[in-house]
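The values are calculated or read from the model by the stated rules, or taken from the named source; none is laboratory data. Since the model is a prediction, treat every value here as computed from it, not as a measurement. Virtual Cβ from ideal backbone geometry, glycine too; neighbours counted across all protein chains shown. The area values use the complete protein model at the heavy-atom level, side chains included, leaving out ligands, DNA and RNA. Shrake-Rupley method; radii C 1.70, N 1.55, O 1.52, S 1.80 Å.
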Amino acid sequence: MLSRINTIAFNGLEVLNVDLQIQISAGLPAFTIVGLPDKAVAESRERVRAALNSLGLSLPAKRITVNLSPADLLKEGSHFDLPIALGLLVNMGIIPADEISRYMVLGELGLDGSIISVNGVLPVAIKANQQNLGLICPASQGSEAAWSGIKDIIAPQNLLQLINHFKGTQLIPYPKPEKAEAKLSVLDLKDVKGQETAKKALEVAAAGGHNMLMIGPPGSGKSMLAQRLITILPPLSAEEALETSMIHSIAGELKDGKISFERPFRDPHHSASTPALVGGGRKAQPGEISLAHNGVLFLDELPEFNRPTLEALRQPLENGSITISRVNAHTVYPAKFQLVAAMNPCRCGHLGNPALECTRAPLCAEEYQNKISGPLLDRIDITIEVPAVNPWDLANAKEGESSAEVLKRVLAAREIQKQRFEQLGYKNLHTNSELKGEILEQICQMEDDAKQLLVTFAEKNQLSARAYHRTLRLARTIADLQNCKKILKLHIAEALSYRRIRPLKRI
């Protein structure tokens, strides 16, 4: 007898159909899995055998062959346990074959028959919904699958519940989609004393989704500012939340199957390797830049990162995606993140301070700052200096604006951008930082004196075409914050003040 179960394999975010076939035939007792399985799949034999034994079921003393088709596709992960067990139960006449054929199945089995959570349930649910199939998944991830809109989900806690459900003696309720509770954050922009220029730049970055680099001595507030950027960003839309959660589901970072509508904030340590940052490894897992999709990636001590690791950011900063190439597969992950970086002016951090000047200046600063390449700096819209705050100013500083007050202006500017994009038919755009080509010229209309200032400045300082366009996008955001339809000369002037034209070593 031959039984067939619908299951899947992953290639990055892509969900590939796998036809799992099980045949029980006469011959010496054996349990063989073929179809290019990895170690985790091969070990399914023992987990499935033990899970069935816990129910009082023994495998027939015959030759059992499990085929994972297509045979040339590498099968990885423990989510094949449940499909194999169900295929055997169909062969043994315990579950009807016509019932199980309407479902896509994934899940890991415990030795006691429990069904354990696995990675990637959300994208699999979306795939099943597209193919008009139901889904069988672990109970702990039923709410995650429900966000896909799929109408038929069975989320059992163990094999016994699943068998009883198909026999009609027990009904497994449809899971409800659940939101993750908002984290109680004590961070607020008003905690930062002084640094009014930096706060203004942070507001512009939040309003237009622009990349930002802060340069200043230790303790000047760079990390504080970066951590509070998330408090002045709008929450994720339903579409963005689903898109972001798919990546987190593949990486196994969705807790209890609940989806969060807060923008992700990732801050990897500077010792992170290139695969850890951009993605890769043996299974081509998503890296920090993909986990920061639709959110913020904060790189503290930017020059301390390996140079090849930083250079790998150039493609995703420009395209919003990262391609991971391997011998047997090419995986593309979305990586539309907002980069916020911080660095000291030199290794000791006190360049320009007469009382604490290092003995190796200016060579110390040149060596340190030259670790950041020109092409990478060219992709950063806002570069500002964050000077040390005087202790007297720190002690007597008045409380500044709260994050809630700044967020109102950011939301107003984002709403202007949203309405503009919808009127022009560009519904796939969200912020000014995404403007390119014809739409950039169409939206960024300047007054004559503003255009003359930008062109003159670009020619005098030899700005690249990329720097020219990024300055234009930045000026558009500044104009939106002031609710101006056209870009004025003062908007261009402010945008140019945020771009570092001179070499970093002259700080």
If the requirement is being hydroxyl-bearing (S, T, Y), farther than 21 Å from A205 by Cα, more than 24 Å from the chain's Cα centre (by Cα) and modelled with pLDDT of 90 or more, which of these qualifies: T456, T471? T456
Which count do you get for residues in segment 147-165 that are more than 18 Å from A51 (Cα to Cα) and open to solvent by 10 Å² or more (accessible area, probe 1.4 Å)? 5
Can you find, within segment 419-451, the residue that is modelled with the highest pLDDT among those that are closer than 30 Å to D191 by Cβ and open to solvent by 20 Å² or more (accessible area, probe 1.4 Å)? S433
Any chance N370 is touching a helix residue (DSSP H, G or I) at 6+ places or on another chain (Cβ under 8 Å) and open to solvent by 90 Å² or more (accessible area, probe 1.4 Å): yes
Is it true that some residue in segment 356-373 is under 25 Å from L463 (Cβ atoms) and of a type in the set (S, T, Y)? yes
Check on K460, open to solvent by 60 Å² or more (accessible area, probe 1.4 Å) and closer than 27 Å to L225 by Cβ: no
Pairing a residue in segment 334-361 that is within 30 Å of L291 (Cα to Cα) and at pLDDT 80 or above with any residue that is open to solvent by 30 Å² or more (accessible area, probe 1.4 Å) and assigned to a loop (DSSP other than H, G, I, E, B), where Cβ atoms lie under 6 Å and the two sit 6 or more apart in sequence or on different chains, gives A342/D300; P345/L351; P345/I507
Would you be able to say whether some residue in segment 342-355 is crowded, with 19+ Cβ neighbours inside 10 Å and not in a loop (DSSP other than H, G, I, E, B)? yes
Could you pull out the residue among L73, L55, L68, L16 that is among the hydrophobic types (A, V, I, L, M, F, W, C), open to solvent by less than 30 Å² (accessible area, probe 1.4 Å), touching a Leu at 6+ places or on another chain (Cβ under 9 Å) and touching a residue at least 40 places away in the same chain (Cβ under 8 Å)? L68
Taking segment 85-117 and keeping residues under 29 Å from the mean Cα position of the chain (by Cα) and crowded, with 22+ Cβ neighbours inside 10 Å leaves M104, V105, L106, G107, L109, I115
Among (1) at pLDDT below 95; (2) surrounded by 15 or more Cβ atoms within 10 Å (Cβ to Cβ); (3) out of contact with any Asp or Glu (no Cβ under 8 Å at 6 or more places or on another chain), the one test that A40 misses: (3)
Subset of segment 123-174 that is β-branched (V, I, T) and part of a helix (DSSP H, G or I) - its residue that is farthest from L109 (Cα to Cα): I126
Residues of segment 313-328 satisfying the condition of being open to solvent by less than 30 Å² (accessible area, probe 1.4 Å) and among the hydrophobic types (A, V, I, L, M, F, W, C): L313, L317, I322, I324
Taking segment 38-55, which residues are more than 34 Å from the chain's Cα centre (by Cα) and of a type in the set (S, T, N, Q)? N53, S54
Taking segment 74-90 only, how many residues are assigned to a helix (DSSP H, G or I) and of a type in the set (S, T, N, Q)? 0
Of all residues in segment 377-401, which are in contact with a helix residue (DSSP H, G or I) (Cβ under 6 Å, 6 or more places away or on another chain) and surrounded by 15 or more Cβ atoms within 10 Å (Cβ to Cβ)? D378, R379, D381, I382, I384, V386, G400
Enumerate the pairs (first residue in segment 150-169 and modelled with pLDDT of 95 or more; second residue anywhere and of a type in the set (F, W, Y) and buried (at least 19 other Cβ atoms within 10 Å of the Cβ)) with beta-carbon separation below 8 Å, excluding pairs fewer than 6 apart on the same chain, so at least 6 apart or on different chains. I154/Y103
Take R49 and tell me if it is more than 30 Å from T323 (Cα to Cα) and assigned to a strand (DSSP E or B). no
